[in-house]
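Novice: Input: one structure, supplied below.
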Amino acid sequence: MEESLSVQSELMKSFSGVVGNIRVPRPRRIFAQVPYDRFAEVFENIVERMGFSILCAITALDGGAFIEIIYHLARPSGVVLNLSTSVPKDRPVVKTISGRFPAADLYEREMVDLMGVQVEGLPPGNRYPLPDDWPAGQYPLRKDWKRPETATPDKANQEQRHV
Amino acid sequence: MKRPGRMLAEVLRSALRKPATVLYPFVKILMPEHFRGRLHFIPEKCIGCKLCMRDCPANAIQIIKVADKQFRCEVDLARCIYCAQCVDSCPRKALEASREFELAQLQRKDLFMRESPDPSKVSAPASEQPKTESAKSEPAPANKPANG
Amino acid sequence: MFEGESVQVPVGPQHPALKEPTSFMLTLQGEKILQIAVRLGYNHRGIEKACEERTYVQGIYLIERICGICSHSHATCFVQAVEEIVGIQAPPRAQYIRTIVAELERIHSHLLWLGVAGHEVGFDTLLMYSWRDREIVMDLLALLTGNRVNYGINTFGGVRRDISPEQKADIFTRLNALEERTKYYVSVATQETTLINRLRNVGVLSPADAVRMGAVGPTARASSVDRDIRRDDPYLAYGEIPFKVITADCNDVYGRTLVRVGELMESYKMIRHALEHLPDGPIAVKAPRKVPAGEALGRYEAPRGEDVHYVRGNGTEKPDRVKVRAPTLANVQAVAKMLEDRYLADLPIVVAAIDPCFSCTDRLTEVRRADGPSSVLHWEQLRQYGIEWHRRHGIDFSKLNNSFRCPEDH
Amino acid sequence: MDAQFVYQNLYDLFYMLVFPGLLFLIAFALFAEYVDRKLHARLQHRVGPPWFQPLADVIKLAAKEEMTPRLADRRMFLMAPLVALAATATAFLYIPTWKSDIRYHFEGDLILVLYMLTVPTVTFFLGGWYSRSVYSMIGAARAVMQLFAYEVPLFLCILGPALLANTWSISKMAAFYQVHPAFAALNILGLGVCLVALLGKLERVPFDIPEAETEIVAGSFTEYSGRLLAMLRLTIDLETIVGAALIAAVFLPFGLGLPAAAGFAVYLVKLLAVVCVLTVMRSIMARLRIDQMINLCWKVAAPLGVAQVLIDLVAKGYLPRGYLQ
């Protein structure tokens, strides 16, 4: 718990007015928010100076008018900092972090496909995880996404349920 | 020490032993006591609360009212994932998981479990005829609302 | 062969080396790999989306089916995250039972891996033996939880099945048998020349690269990256059970084998300790159906590496967002690195060495467009084609097997 | 036409096609495959297939539809299995069974048999190469690469005993070792190397590199189906028997000259013993990589082959002349 609290106070000290809503709900978990225009600088600092050198995952959420992106960063000691930022839904553009974390490549492609976040600077490669002929502009994880009416095998089964 | 053929002795020993393979279906294994196999419905205990329907992850179970305080249970065995959550959810233990696991069928329509209360005890409601045990003789209630 | 000229060899999505669909497009020069392009996603089933449309209780079983091998890992990770949001804690006995099942699952996963590794290098005898012995732990899991896979032991606030004293004794005897077998596999893995030849210096991943590429689990630990969530971020009963984190400095597939068999030996000790110190008390506490607004991140050391679940609740019965990061997704980037300048023959074992699970990694069903072109033969068409073909060759099957007709299935 | 001529021809046909020719060979080869698979299974603590499984497999494959890849050279694709089968069956006619004086033999038939046994590998290469699938092409290239590695030790190890027996005819070699069974002990080294080389020829673990399932699906055989695949499978089975018979004739000259029934029994036992040794060897090892295989063959097996030749040369030089006639 001490380590988490010291990270909390360090965050408050270094980025007062930038990083907000810093919470430590339980040992080794810190949640914090940062506006996207200051994200790169804060991220750089947290990764390089504060030792959060492991990228656990990137989560993208549909928050209505904006898309929230959470970078789950961990220290080898086990403390996780969930750094959240958001971009407007009508222009969801972020910069890639795959330069620093090569594994982020796939996590970011997942955001691109499922949440429709545009990631700048992503190296060329196959899309993931949707098929290549997936219709453009369909982002399944967005809350307003409607499943297109199609003849899926499941539907055929449904009709035969009570034969 | 590194050498090729480290497993030689073990392999030759195995050849003399009885094979480990179970010759299913000639030899059947009995599943452990708490195995989560095919469901069984005890109509007398059901109170029709439909908690099982609410918790079923696969949407496989239907509780259908056949008469006053009489309920029929239908499980689509092709959809059932055998998690037995309905067994846990049931407040009256009207459902139980059995050890039966050989559920394969040649036709999809046979993959369907329909357990009704004893027809002799059912007082027929005005809207519906009493149901018989046999699935085939029954008219297919295709996707009717849950309370039939 | 192919001097100076390169060929493209597809490995997957359908290939005997990979039992799950994923695609590695290799550019080969002779036997040497020049380039490798990975395409994932063939197994995407949309589980994250589906979770948002189901209640939390239904979600457990859905999450459990992300993967058949590490089903307990995913389910526990999810359950823990939800319990954290709700603010309840499973009683100590439940925590211990979860831990015991978790370690049994690790044993079954690692024994499975050992067999797969043997198969990938053509050592089928090793496959048959380790899978035979894996049956012991599979039966044990069926005994404890009610099924061989997808254990369904977790529920919010605890576990669904208790461990009886007889079961306890049974676990001890079977663990002894397993431990003996594992010792034998250690000796085979460290002594059989042909096996060592195929594993040593294959799929090299330097410690620096392992950290940079974000490798997790045994893949990282075989490159001397001393990370284990069970120790670094203790969950369940891991804070109270002594164990060693196994690492190796071989950086290759051989090291990954050593780490896994070493972890097997540790797991036996951990299960014994957990059973001996199994606390008394209830196995579950009551959990509310509605989960308050809040968020939590669950981390879990699955057999294949760190599993991460992020859950956000919104005060209803259904989660707002569930995010799953399976271990393979973190490791798959490292595969391309490991295969640089290696031979085609090394591909199966190097890919297998991260113990990949592409069903974990991908999680949507392909929405088939109704108007799209389709070359799929339906059952009846296929059957008709077969009958026609045989009739042309003088055999008439159309009279036979009418009982196999499934007219309603097309 | 005189009766003698007709009788001779009929007997030739019977000899070639029925016993001990093609039909017997196929029956015995299928039985040997059963022994191999059953033993392999038992060594792995499994049950294994029933006795008719190999035959059932052939019948099943023969009943299936054949497909030829669009890009394949159809003629080569179709011819490869036929030629392979024919060559293997032909080689068998020149190998002594339970008596050393067989119907077909001539000075130099050893060379013929060895080359006939090379033909299947070459046809596998051609069949694979002309089926134009990447897996087949890689498998084909590997088959030829492997051929160059194991042929030299194999030839050297058979050359040694032949030198000692002072003949290029397998029948005469067998006759020689039948008279001087003690000399067979000199060739033990060669026997070991031959067994290893035979594993390579039959493309079995640890040398199943050309058809390594987990790497290149089925190598040269990937695109084959139906009758053609049945023929290829049969060829491998026949090769096992022909290879075992060759080893038995050259290195295990026991039981020759016994009465027909006993001799035949000993002959079958010898061949099955070789098959069983091969099975055990494939059960306890992992598949090597092609570079490791070539290293093994050139750095270990080939020098051992040379040693075998030297042993036989020295023996020939130092032993009293009378022995060697």
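The values are calculated or read from the model by the stated rules, or taken from the named source; none is laboratory data. Just so it is clear, the model here is predicted, and its values are computed rather than measured. Positions of Cβ are backbone-derived with ideal geometry, glycine not excepted, and every protein chain shown enters the neighbour counts. The area values use the complete protein model at the heavy-atom level, side chains included, leaving out ligands, DNA and RNA. Shrake-Rupley method; radii C 1.70, N 1.55, O 1.52, S 1.80 Å.
Novice: For the stretch C:168-218, what class follows from the C-alpha gyration tensor (a ≥ b ≥ c being the square roots of its eigenvalues): rounded when a/c is under 1.5, otherwise prolate if a/b is larger than b/c, else oblate?
Specialist: oblate
Novice: For every helix of n ≥ 4 consecutive DSSP H residues, a contribution of -39,500 (n - 2.57) applies; sum these over chain A, divide by its total residues, and give [θ] at 222 nm rounded to the nearest 500 deg cm²/dmol.
Specialist: Per the formula, -7500 deg cm²/dmol.
Novice: Moving to a separate point now. Can you count the Lys pairs in chain A with C-alpha separation below 25 Å, eight or more apart or on different chains?
Specialist: For chain A, qualifying lysine pairs total 5.
Novice: To continue, here is another question. Go ahead and estimate [θ] at 222 nm for chain D from helices alone: -39,500 (n - 2.57) per DSSP H run with n ≥ 4, summed, over the residue count, rounded to 500.
Specialist: Computed mean residue ellipticity for chain D: -23500 deg cm²/dmol.
Novice: With axes computed from alpha carbons, what is the tilt in degrees of helix A:39-48 against the longest principal axis of chain A, rounded to the nearest 10 within 0 to 90?
Specialist: The angle comes out near 60 degrees.
Novice: Among the lysines, which fall within straight-line cross-link reach of C:LYS290, defined as a Cα-Cα distance under 17 Å, with same-chain neighbours fewer than 8 residues apart omitted?
Specialist: Of all the lysines, those that pass the test against C:LYS290 - Cα under 17 Å, at least 8 places apart if same chain - are C:LYS318.
Novice: Net charge near C:ILE136: determine it from the other residues with C-beta under 12 Å of the C-beta of C:ILE136, scoring Lys and Arg +1 and Asp and Glu -1.
Specialist: -1
Novice: With a ≥ b ≥ c taken as the square roots of the eigenvalues of the C-alpha gyration tensor of the stretch C:236-319, please select rounded if a/c is under 1.5 and otherwise prolate if a/b is larger than b/c or oblate if it is not?
Specialist: In terms of gyration-tensor shape, oblate.
Novice: If packing is taken as the mean number of other Cβ atoms within 10 Å per residue, what is the order of C:296-302, D:116-122, highest first?
Specialist: Put in order of decreasing packing, that is C:296-302, D:116-122.
Novice: Just to be sure I understand the curve: with the Debye formula and one point per C-alpha of the stretch D:21-110, what is log10 I(q)/I(0) at q = 0.13, 0.15, 0.22, 0.26 Å⁻¹?
Specialist: Result of the Debye calculation: -0.70, -0.86, -1.10, -1.23.
Novice: When Cβ neighbours within 10 Å are restricted to other protein chains, what is their mean count per residue of peptide C:35-44?
Specialist: Across the residues of C:35-44, the mean count of other-chain Cβ atoms within 10 Å is 4.
Novice: While we're looking at this one, here's another question. So how far, in whole Å, is the C-alpha centre of the stretch A:47-82 from the one of the stretch C:202-265?
Specialist: The distance from the Cα centre of the stretch A:47-82 to that of the stretch C:202-265 comes to 22 Å.
Novice: Restricting to bridges with both residues inside the stretch A:2-159, how much of the DSSP beta-bridge set is antiparallel, in percent to the nearest 5?
Specialist: Around 70 percent antiparallel, to the nearest 5.
Novice: Scaled to the compact-protein estimate 2.2 N^0.38 Å, what is the alpha-carbon radius of gyration of the stretch B:31-118, rounded to two decimal places?
Specialist: Compactness ratio reported: 1.03.
Novice: How big is chain C in terms of Cα radius of gyration and Dmax, in angstroms?
Specialist: Over chain C's Cα set, Rg and Dmax evaluate to 23.4, 72 Å.
Novice: Specify whether the C-alpha gyration tensor of the stretch D:197-322 places it in the rounded, prolate or oblate class, a ≥ b ≥ c being the square roots of the eigenvalues: rounded for a/c under 1.5, otherwise prolate if a/b is larger than b/c and oblate if not.
Specialist: Here the stretch D:197-322 falls in the oblate category.
Novice: At 1.4 Å probe size, with every protein chain present, just tell me what the per residue accessible area of the stretch D:97-252 comes to in Å².
Specialist: Each residue of the stretch D:97-252 exposes 28 Å² on average to a 1.4 Å probe.
Novice: Turning to a different aspect of this structure: In terms of Cα to Cα distance under 17 Å, which lysines are near enough to D:LYS99, apart from those fewer than 8 places away along the same chain?
Specialist: D:LYS172, D:LYS270
Novice: Something else: Determine the sum of side-chain charges near C:GLY158: Lys and Arg each +1, Asp and Glu each -1, restricted to other residues whose C-beta is under 12 angstrom from that of C:GLY158.
Specialist: Result for the neighbourhood of C:GLY158: +2.
Novice: Report the residue, chosen from A:GLU110, A:GLU68, A:GLU44, that carries the largest GNM mean-square fluctuation when chain A is represented by alpha-carbon nodes joined by springs under 10 Å.
Specialist: Checking each option, the largest mean-square fluctuation is seen for A:GLU44.
Novice: How are the C-alpha pair distances of chain D spread across 20 Å bins, as whole percents from the shortest bin up?
Specialist: 31, 58, 11, 0
Novice: Between helix D:188-201 and chain D, what is the angle of the helix's C-alpha long axis to the longest principal axis, kept within 0 to 90° and rounded to the nearest 10?
Specialist: Helix D:188-201 and the main axis of chain D meet at about 20 degrees.
Novice: Further question: Going Cα to Cα from C:LYS269, which lysines come in below 27 Å? Please leave out same-chain ones fewer than 8 positions away.
Specialist: C:LYS168, C:LYS183, C:LYS244
Novice: Which whole number gives the average, over all residues in C:187-200, of C-beta atoms from other chains lying within 10 Å of the residue C-beta?
Specialist: 6
Novice: Please work out the Cα convex hull volume for the protein assembly as shown and give it in Å³ per residue.
Specialist: 211
Novice: Shifting gears a bit: Per DSSP H run of at least 4 residues, take -39500 (n - 2.57); add these up for chain C, divide by its residues and hand me the 222 nm value, nearest 500 deg cm²/dmol.
Specialist: Value at 222 nm, helices only: -15000 deg cm²/dmol.
Novice: Compute the acute angle (0 to 90°) between the alpha-carbon long axis of helix D:109-130 and the principal axis of greatest extent of the alpha-carbon atoms of chain D; round to the nearest 10°.
Specialist: Roughly 10 degrees, rounded to the nearest 10.
Novice: In the protein assembly as shown, what % of DSSP beta bridges are antiparallel (nearest 5)?
Specialist: Looking only at bridges with both residues in the protein assembly as shown, the antiparallel portion is about 90 percent.
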